[in-house]
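Novice: Starting off with a structure, shown below.
Just so it is clear, none of the values below were taken in a lab; they were calculated from the coordinates. All figures in this text were calculated on a predicted structure; none of them were measured in a lab.
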């Protein structure tokens with residue numbers, strides 16, 4: 001039986017219709033609202049826009065945060081990055097997998113729980 005949750009993500013650049021390569025993604029966890037965030041690790045999206053090397057949150061984690069550093073990726077685009085970083089916080093349960101894709105454009109973004 002899995003005792004912790006697992007987390008994965010990918011980024012699709014919706015303005016170009018392709019994966020966003022080279023974006024740094026940081027993963028943090030905490031045991032509940034008000035608790036200190038604990039940095040767990042980071043990775044960089046590959047040619048498919050996937051961040052494949054995020055660590056599993058430790059046992060007792062109830063909330064996870066993904067920080068996407070999108071400004072360097074969007075630099076040089078017309079208008080630049082209106083949102084220089086995107087932070088997504090969500091609740092997790094032990095034994096479940098959470099795939100949280102980021103749909104990104106220079107002036108907006110959306111996220112959802114994928115599969």
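Novice: Go ahead and estimate [θ] at 222 nm for the chain from helices alone: -39,500 (n - 2.57) per DSSP H run with n ≥ 4, summed, over the residue count, rounded to 500.
Specialist: Numbers: 1 runs with 4 residues, N = 115.
After summing the helix terms and dividing by residue count, I get -500 deg cm²/dmol.
Novice: Just round it to a whole percent: the fraction of Cα-Cα distances in region 28-96 exceeding 20 Å.
Specialist: That fraction is 40 percent.
Novice: Full-extension gain between residue 59 and residue 14, please, as 0.36 nm times their residue separation minus the C-alpha to C-alpha distance.
Specialist: Values: separation 45, 0.36 × 45 = 16.20 nm, distance 3.49 nm.
That works out to 12.7 nm of additional length.
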